[in-house]
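Worksheet for the structure shown next.
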Amino acid sequence: MDSAAVRARMVQKLAAMGIGSVAVLRAMGQVERHRFVDTALVNQAYEDTSLPIGLGQTISKPNVVARMAELLLDSPLGHAGPLGRVLEIGTGCGYQAAVLAVLAREVYSIERLRGLHDKARANLRPFRLPNVHLLFGDGMVGYAKGAPYAGIIAAAGGEAIPQAWLDQLAVGGRLVAPMVTPGGQQALVVVDKTAKGLQQQLLEAVHFVPLKSGIA
Ligand code: SAH
């Protein structure tokens, strides 16, 4: 597959859909998404669709990965220069972690399903990304050892934002996560930690797999 050309077309579409960050578009053009999906799905790897990655989980649509990355960078710490440490909850197949690795100095990514944690490790090995740290555990409690984080991004949505994530966010940092709203739908939530406290924005509707506690 001439994947560079197909990715370039995907990037054009992402720009047309409203992704404006040059850094994010460059990262999306760089990371080979087809290496993160099963052989049978390779032909769909650059379509704007979520795809199954096993154990009932899915890799998010490119547009959603790009949108969340763009939101993450659009914070005081993100504007101050290259993003420092980022925490991702829900490694899945490792694709988003690879995209974040281009945008942040260090990426800590937690997965609660052993099978996917192992899969992500295997998928990411050929990319040799020394700044990606894969962790097996319950991301509901975050990862205190890497805190404070300039950014926290969740790929699974719960009823509320766990307090641990807010505690582990740096002042000037931003959290981007799907959350179930009172109406029962999922929406993207952005929380900024400022010197004066937390500021929350509720954005567009999204469809993520559920955030679950414990490991399996
Ligand atoms: N970013 C991933 C998307 C994976 S889907 C990718 O690029 O492929 C979301 C993932 O979140 C699933 O693998 C699911 O197992 C995981 N997840 C759900 N609840 C979790 C939790 N409490 N801690 C860690 N991972 C969790």
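The values are calculated or read from the model by the stated rules, or taken from the named source; none is laboratory data. Just so you know, these numbers come straight off a predicted model, no measurement behind them. Neighbour counts run over all protein chains shown; Cβ positions are idealised from the backbone, glycine included. Surface accessibility is based on the protein's heavy atoms, side chains included, excluding ligands, DNA and RNA. Shrake-Rupley method; radii C 1.70, N 1.55, O 1.52, S 1.80 Å.
Per-structure values
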{"quantity": "Sites matching GluC sites (Glu not before Pro) across the range 100-169 that sit in DSSP coil, with at most 11 neighbouring C-beta atoms within 10 Å", "calculated": "Glu159"}
{"quantity": "Carbon + sulfur, % of accessible area of the range 3-210 - ligands and nucleic acids excluded, 1.4 Å", "calculated": "54 percent"}
{"quantity": "Length gained when the stretch Lys61-Arg128 is fully extended (0.36 nm per residue, less Cα-Cα span)", "calculated": "21.7 nm"}
{"quantity": "The range 3-210, accessible area per residue, ligands and nucleic acids excluded (1.4 Å, Å²)", "calculated": "45 Å²"}
{"quantity": "Cα-projected label distance for Ala80 with Ala40, points at 7 Å along beta-carbon direction, nm", "calculated": "4.8 nm"}
{"quantity": "Built amide H within the under 5 Å cut-off of Arg105, gap 5+", "calculated": "Leu83, Gly84"}
{"quantity": "3J(HN,Hα) from dihedral phi, the range 134-147, Karplus parametrisation 6.51/-1.76/1.60, rounded to Hz, x for glycine, proline", "calculated": "8, 10, 9, x, 8, x, 4, 9, x, 8, 4, 4, x, 6"}
{"quantity": "Residues with amide H under 5 Å from that of Ile153, placed H, sequence gap 5 or more", "calculated": "Leu87, Glu88, Ile89, Val176"}
{"quantity": "Over the chain: helical MRE at 222 nm, DSSP H runs n ≥ 4 each giving -39500 (n - 2.57), nearest 500", "calculated": "-8500 deg cm²/dmol"}
{"quantity": "Residues with amide H under 5 Å from that of Leu169, placed H, sequence gap 5 or more", "calculated": "Tyr149"}
{"quantity": "Simple label model, 7 Å out from Cα along Cβ direction - Ile215 to Ala4, nm", "calculated": "4.1 nm"}
{"quantity": "Karplus-derived HN-Hα couplings along the range 57-71 (A = 6.51, B = -1.76, C = 1.60, θ = phi - 60°), whole Hz, x at Gly and Pro", "calculated": "10, 9, 7, 5, 4, x, 4, 6, 4, 5, 4, 5, 5, 5, 4"}
{"quantity": "Residues Leu203 and Glu47, FRET efficiency given R0 of 25 Å [Cβ-Cβ distance, rounded to 0.05]", "calculated": "0.60"}
